[in-house]
Structures are given as C-alpha cells and as structure tokens.
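Asks: Supplied in structure tokens, the structure appears directly below.
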Amino acid sequence: MGPESASARERREAAVRAAVRDGLVDARRPVAGLLDVRGVRGAVAALRAAFEEVTAPGTEVLHAFAVKAASLVPVLRLLADEGMGCEVASPGELALARAAGVPADRTVLDSPAKTDAELREALALGIAVNADSRQELARLDALVRSAPTASVLGVRVNPQLGAGSIGAMSTATATSKFGVALRDEGARAWLVRAFVERPWLTRMHAHVGSQGCPPELMAEGVRTAYELAEEINRAVGGQRVRTLDIGGGLPVNFASEEVTPSFRDYARLLDVTVPALFDGRYGLVTEFGRSLLAKSGTVLARVEYAKSAGGRRIAVTHAGAQVAARTVFAPGAWPLRVAAFDAEGRPKEGEPVPQDVAGPCCFAGDLVAVDRPLPLLEPGDHVALLDTGAYYFSNHFAYNSLPRPGVYGYVSAEGRTEDLRDGHGEYGQHGEYGAGRAPGGPDVRFVPVRRPQSLDELVEESGGPLAAGLSALR
C-alpha cells in the first residue's frame with residue numbers, strides 16, 4: 001500500500017508500532033505526542049480548496065492558524081510552509097510565530113488584554129491588530145498619531161447571538177468578555193461613528209466560539225459582521241471596511257474517524273447564509289485552529305499497572321490531566337476515543353471489557369475514560385488518546401511536576417528502509433528518528449517537534465537556581 005492510499009487510521013497504527021519499536025515511548029519516556037504530517041497537510045489543502053470554491057477570483061484570503069491550538073514552533077513552520085499565517089493572542093504566541101518565520105503581514109494579533117507595549121510592538125512590526133474594546137481603540141488612536149504603521153487595524157465585535165453547548169467555548173454570549181457588545185445600547189452607532197472618524201480602521205472581526213458551537217451559529221456571526229461592515233461603508237460613502245476577519249472555531253467530531261463538519265461544508269453554508277461575502281469586495285481572514293490539527297494527533301502512553309476496585313478494572317497509564325486537562329476536568333464536554341495497543345504497539349485484540357483509563361496525577365478524578373469497553377489492558381500495553389493534535393500534547397498542565405512529553409511528527413514512507421538512527425539509537429544527523437519498516441506496515445519516519453523535558457530542565461524551570469533566595473530574606 002502506497003503512502004497516499006493509507007488511511008489516517010492505518011498511518012496512525014503504523015506510527016504507534018514504530019514509536020514503540022524506536023523507543024519514543026518506553027519505560028524511561030512513557031508518554032509522547034505523535035503528529036501525522038500528511039494529515040496536517042491534507043487539512044490545510046482542504047481548507048484552502050473549500051474557500052477557493054466559493055470566493056470570487058482574485059479575492060485576497062489569509063488563513064491564519066490559531067497558535068493557541070498548537071504552540072509548537074515546528075508545527076507553525078509546517079503550516080506556514082503550506083501557506084498559512086498565524087493568529088496570536090499573547091507576546092509568547094507572537095514570539096513563536098516569529099521564530100517559525102511567519103511574516104508580519106500574515107500575522108494577526110487578537111487578545112482582550114493587550115498592553116501598550118504589545119500594541120506598540122505590533123504596530124512597529126506591521127502586524128494586523130483587532131481592537132477588543134473601546135479603551136483599546138483609544139490606545140490605538142494615540143499610537144497611530146505618534147508613529148506611522150503598516151499594520152491593518154480593525155475592531156472585534158461580539159454579535160451577542162448566544163452560546164453553543166459548551167459555555168466556556170462560546171464567545172458571543174450577551175456577557176462575553178470578548179469584543180464590543182454589538183447589541184448593547186448605543187454600541188452599534190458608536191461602532192459606525194468610530195469607523196467613519198478613523199480612515200485607518202479597515203477591518204471587522206467576529207468570532208462566536210469553537211467546540212460545541214454549531215456551524216449555523218458561526219455563520220450567523222459572520223452575517224452580523226458583514227451587515228455591520230455594509231452599514232459602515234454606506235455611512236462613509238465608500239469602502240472603509242475592506243477586510244472581514246471571520247474567526248475560526250469549526251467544531252471537531254471526537255466520536256469517530258469521520259471529519260465532520262468539513263471545511264467545504266462550512267464554506268458552502270457561509271455562501272448560502274451570506275452570499276455577498278464572497279463576491280470579491282471584501283478580503284477575508286480565517287482563524288481556524290483545532291479543526292486543522294485535532295484529527296492528526298495521538299497521545300501514546302504506556303500502561304504501568306492494571307488493578308481492580310469495586311469490581312471495575314483500572315488501567316493506570318502515563319496520560320492524564322497533564323496532557324488531557326480538558327477531558328479530565330470536563331469529560332462530558334471533551335470525551336476522547338481511546339485505542340488499545342499491546343506491548344509491541346500492535347492493535348490489541350480480545351473481548352472488550354469495561355475499564356477505567358487513569359492517568360498518573362495524584363487526584364482521584366484523573367481519568368481519561370470511565371467504564372470504557374476495551375480489550376483487557378495489562379502492564380506494558382499502550383493506550384492511544386485519539387484526535388489530540390490540538391491543545392492536548394502542546395498545552396501541558398504541570399500538575400505533580402510531571403515533565404512535558406516529547407512530541408514527534410511522522411510520515412509513512414513506503415519503500416524507504418534505511419535506518420537514520422545513529423549508533424546510540426538517538427536522533428541522526430538529519431534530526432530524524434527511525435526509518436525501518438514496521439512488520440506488516442509502511443515505513444515510518446519521525447522528526448522531533450519538542451524533545452522530552454528532562455528533570456534538570458524541570459528543576460530549573462521551577463526555580464532550582466534560586467533555591468536559597470527565600471531563606472536569605474530576614
């Protein structure tokens with residue numbers, strides 16, 4: 001089977017087997033993140049094709065990846081090489097985007113709490129900024145007067161359309177902290193006047209939420225922003241608003257392998273809901289994150305122990321709240337599929353047995369699955385948390401001072417059999433790890449995305465070099 005014909009599941013299973021074979025997950029390093037590079041590239045291509053189908057020829061479209069979904073420089077570089085920009089929401093995320101080589105004119109700064117220093121830096125670099133409040137717009141007034149800038153500047157509006165099924169992921173509620181609340185008394189008139197008075201204010205931004213928000217609600221948010229832009233342009237007597245930033249947030253199907261809704265589904269829904277959006281008069285910016293990477297990621301962990309309590313089997317693994325915080329703390333909103341593999345990384349067979357899949361953190365609720373039917377897990381087996389390419393292994397929760405796991409990108413490379421490891425089984429000169437054929441499957445090559453955090457690094461991060469400081473205070 002050639003690499004193009006391999007399904008995402010087949011690629012994942014080959015990668016798990018190879019990761020165990022190559023020691024990316026072993027007794028010393030019992031958990032790792034695996035990222036399917038071919039899957040990521042396919043998702044970006046699907047996004048671009050979906051919007052190309054509905055936009056007028058020549059329309060300027062920037063697809064900016066939401067960095068918070070995978071704050072890893074090699075991932076951002078891969079996305080940039082595939083034609084993506086970056087949406088950043090902090091100085092750290094901006095630094096990561098710049099380290100990845102993302103150009104300033106393909107970077108968008110969104111945050112509800114931008115400091116004067118952040119705004120000044122963005123304007124000096126020529127990074128687009130969406131003001132989140134009236135007070136922030138006043139700060140931009142002063143900065144624009146003090147120095148010229150190449151930045152595209154806009155305002156984020158809150159359409160106040162209501163919540164999806166996950167309140168914490170819904171940003172267009174009546175009392176959301178994000179944006180200028182459009183339905184509050186006097187707000188719409190103030191926004192129109194703000195644009196009329198500022199020739200440099202040329203972008204409108206709206207985002208209603210992400211996971212749990214139906215695409216129809218998202219499309220309504222875009223329609224609201226479009227209608228406001230049209231009202232502003234009529235008031236100006238020309239096209240003051242030239243770009244619509246329609247956010248991201250397309251939800252992910254965590255229940256099966258199926259990618260639904262697709263980018264094509266959403267683009268076509270927008271075409272029906274706001275048909276004039278794509279007629280070429282407005283440039284477009286998107287800010288998708290989770291939907292681009294989730295399906296391409298896997299957290300792989302060893303089963304350390306297996307026990308029973310109250311008649312229920314419990315597999316104690318090394319993947320818990322530190323890599324799956326949302327699933328552990330809000331399992332109803334963020335359930336994950338779990339796949340069972342044996343000690344050699346092969347899909348485990350056997351009659352499914354209800355069992356809990358527990359993590360290593362020292363609190364009772366550290367469970368990634370409860371009463372889940374799986375082949376009986378034993379010490380030395382492995383579990384894979386599926387659809388975890390966004391937010392999971394990239395956004396570590398340092399509970400119990402557990403070190404951050406290594407993250408590795410992989411490709412299936414049919415026909416390539418030479419081993420790129422050096423004599424010590426570590427990374428070879430190309431930074432690649434392992435290229436031998438896993439029996440019964442395609443060749444798999446890995447490259448490090450983030451190396452496993454050492455205990456020395458963890459101690460340093462936790463103030464080790466400053467150990468005597470507090471004791472010296474009298």
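The values are calculated or read from the model by the stated rules, or taken from the named source; none is laboratory data. These numbers come from a predicted model, not from an experiment. Every residue, glycine among them, receives a Cβ derived from its backbone with ideal geometry; neighbour counts consider all protein chains shown. All accessible areas refer to the heavy atoms of the entire protein, side chains included, with ligands and DNA or RNA removed. Shrake-Rupley method; radii C 1.70, N 1.55, O 1.52, S 1.80 Å.
Yes or no, residue by residue, for (1) closer than 24 Å to ASP245 by Cβ; (2) assigned by the TED database to the domain that holds GLU304:
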{"residue": "ARG17", "(1), (2)": "no, yes"}
{"residue": "ALA27", "(1), (2)": "no, yes"}
{"residue": "VAL61", "(1), (2)": "yes, no"}
{"residue": "PRO74", "(1), (2)": "no, no"}
{"residue": "ALA95", "(1), (2)": "yes, no"}
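Asks: Does the stretch 207-230 hold any residues that are among the charged types (D, E, K, R) and within 21 Å of ALA187 (Cα to Cα), and which are they?
Replies: Once the filter is applied, which keeps residues that are among the charged types (D, E, K, R) and within 21 Å of ALA187 (Cα to Cα), the stretch 207-230 yields GLU220, ARG223, GLU227, GLU230.
Asks: Another question about this same structure. Which residues, taken from the stretch 261-292, are touching a Leu at 6+ places or on another chain (Cβ under 8 Å), of a type in the set (Ser, Thr, Tyr) and closer than 24 Å to LYS68 by Cα?
Replies: TYR266, THR286, SER291 - these are the residues of the stretch 261-292 that are touching a Leu at 6+ places or on another chain (Cβ under 8 Å), of a type in the set (Ser, Thr, Tyr) and closer than 24 Å to LYS68 by Cα.
Asks: If you don't mind, another one. Just for the stretch 44-59: of the residues that are of a type in the set (A, V, I, L, M, F, W, C), surrounded by fewer than 15 Cβ atoms within 10 Å (Cβ to Cβ) and touching a residue at least 60 places away in the same chain (Cβ under 8 Å), which one is nearest to THR243 (Cα to Cα)?
Replies: Among those that are of a type in the set (A, V, I, L, M, F, W, C), surrounded by fewer than 15 Cβ atoms within 10 Å (Cβ to Cβ) and touching a residue at least 60 places away in the same chain (Cβ under 8 Å), it is ALA56.
Asks: Has the stretch 35-53 got at least one residue that is of a type outside the set (Val, Ile, Thr) and not in a helix (DSSP H, G or I)? Show your work before the answer.
Replies: Taking the stretch 35-53 first, the residues of a type outside the set (Val, Ile, Thr) are 35-36, 38-39, 41-43, 45-53.
Next cut, not in a helix (DSSP H, G or I) only: 35-36.
The answer is yes, given that some residue of the stretch 35-53 is of a type outside the set (Val, Ile, Thr) and not in a helix (DSSP H, G or I).
Asks: If you don't mind, another one. Is it true that ALA206 is of a type in the set (A, V, I, L, M, F, W, C) and open to solvent by less than 30 Å² (accessible area, probe 1.4 Å)?
Replies: For ALA206, the condition - of a type in the set (A, V, I, L, M, F, W, C) and open to solvent by less than 30 Å² (accessible area, probe 1.4 Å) - is met.
Asks: Could you grab me the full set of residues in the stretch 67-86 that are over 11 Å from the mean Cα position of the chain (by Cα) and open to solvent by 10 Å² or more (accessible area, probe 1.4 Å)?
Replies: If the condition is that a residue be over 11 Å from the mean Cα position of the chain (by Cα) and open to solvent by 10 Å² or more (accessible area, probe 1.4 Å), then VAL73, PRO74, ARG77, LEU78, ALA80, ASP81, GLU82, GLY83 are the ones that fit.
Asks: Now for a separate question. State yes or no: is ASP371 among the acidic types (Asp, Glu) and buried (at least 21 other Cβ atoms within 10 Å of the Cβ)?
Replies: Spelling it out, it is not the case that ASP371 is among the acidic types (Asp, Glu) and buried (at least 21 other Cβ atoms within 10 Å of the Cβ).
Asks: Taking the conditions exactly as written (modelled with pLDDT of 95 or more and assigned to a loop (DSSP other than H, G, I, E, B)), does GLY249 satisfy them or not?
Replies: The answer is no for GLY249.
Asks: Look through GLU287, GLU378, GLU351, GLU344 and report the one residue that is of a type in the set (Asp, Glu) and closer than 22 Å to SER256 by Cβ.
Replies: Step by step, each of GLU287, GLU378, GLU351, GLU344 is checked, and only GLU351 is of a type in the set (Asp, Glu) and closer than 22 Å to SER256 by Cβ.
Asks: Could I ask something else about it? Based on this model, can you work out whether ALA64 counts as within 30 Å of ALA128 (Cα to Cα), part of a loop (DSSP other than H, G, I, E, B) and open to solvent by less than 40 Å² (accessible area, probe 1.4 Å)?
Replies: no
Let's see how each residue does on (1) in contact with a Pro (Cβ under 6 Å, 6 or more places away or on another chain); (2) of a type in the set (Val, Ile, Thr); (3) open to solvent by less than 40 Å² (accessible area, probe 1.4 Å):
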{"position": "THR317", "(1), (2), (3)": "no, yes, yes"}
{"position": "THR327", "(1), (2), (3)": "no, yes, yes"}
{"position": "PRO331", "(1), (2), (3)": "no, no, no"}
{"position": "ASP356", "(1), (2), (3)": "no, no, yes"}
{"position": "PHE363", "(1), (2), (3)": "no, no, no"}
{"position": "LEU376", "(1), (2), (3)": "no, no, no"}
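Asks: Which of the following residues is surrounded by fewer than 22 Cβ atoms within 10 Å (Cβ to Cβ) and either touching a residue at least 12 places away in the same chain (Cβ under 8 Å) or assigned by the TED database to the domain that holds LEU79 (or both): ARG21, ARG12? Let's see the steps before the verdict.
Replies: Details: ARG12 fails: surrounded by fewer than 22 Cβ atoms within 10 Å (Cβ to Cβ).
The match here is ARG21.
Asks: Next question, about the same structure. In the stretch 99-119, how many residues are assigned to a helix (DSSP H, G or I) and within 22 Å of THR243 (Cα to Cα)?
Replies: The number of residues fulfilling the criteria is 4.
Asks: Looking at the stretch 296-335, which of its residues are in a helix (DSSP H, G or I) and either among the β-branched types (Val, Ile, Thr) or touching a residue at least 60 places away in the same chain (Cβ under 8 Å) (or both)?
Replies: Once the filter is applied, which keeps residues that are in a helix (DSSP H, G or I) and either among the β-branched types (Val, Ile, Thr) or touching a residue at least 60 places away in the same chain (Cβ under 8 Å) (or both), the stretch 296-335 yields SER296, ALA325, ARG326, THR327, VAL328.
Asks: Something else: Taking the stretch 87-111 as the search range and keeping residues that are among the polar types (S, T, N, Q) and open to solvent by 10 Å² or more (accessible area, probe 1.4 Å), which one is modelled with the highest pLDDT?
Replies: Applying the filter and picking the extreme gives SER90.
Asks: Oh, and also: What are the residues in the stretch 170-203 that are among the aliphatic types (A, V, I, L, M) and within 17 Å of GLN135 (Cα to Cα), if any? Reasoning before the result, please.
Replies: Within the stretch 170-203, the subset among the aliphatic types (A, V, I, L, M) is 172, 174, 180-182, 187, 189, 191-192, 194, 196, 201.
Result: VAL180, ALA181, LEU182, ALA187, ALA189, LEU191, VAL192, ALA194, LEU201.
Asks: Of all residues in the stretch 217-236 being modelled with pLDDT of 95 or more and of a type in the set (Asp, Glu), which is farthest from ARG198 (Cα to Cα)?
Replies: For the stretch 217-236, the residue satisfying everything is GLU227.
Asks: While we're on this one: Name the single residue that is least open to solvent (accessible area, probe 1.4 Å) among those in the stretch 143-163 being assigned to a loop (DSSP other than H, G, I, E, B) and over 18 Å from LEU182 (Cβ atoms). I'd like the intermediate steps shown before the answer.
Replies: The initial filter retains those residues of the stretch 143-163 that are assigned to a loop (DSSP other than H, G, I, E, B), namely 147-152, 159-163.
Okay, now just the ones that are also over 18 Å from LEU182 (Cβ atoms), so 147-152.
Working: ALA147: 46, PRO148: 131, THR149: 48, ALA150: 87, SER151: 15, VAL152: 51 Å².
Only one residue tops the list, namely SER151.
Asks: Got at least one residue in the stretch 221-236 being buried (at least 22 other Cβ atoms within 10 Å of the Cβ), among the small types (Gly, Ala, Ser) and more than 15 Å from PRO275 (Cα to Cα)?
Replies: no
Asks: Here's a check for you: in the stretch 113-137, which residue that is of a type outside the set (A, V, I, L, M) and farther than 20 Å from PHE195 by Cβ is nearest to the chain's Cα centre (by Cα)?
Replies: Applying the filter and picking the extreme gives GLU118.
Asks: Next question. Taking LEU140 as meeting all but one of (1) part of a loop (DSSP other than H, G, I, E, B); (2) within 31 Å of the chain's Cα centre (by Cα), write down the number of the exception.
Replies: Tallying (1) part of a loop (DSSP other than H, G, I, E, B); (2) within 31 Å of the chain's Cα centre (by Cα), LEU140 fails exactly one: (1).
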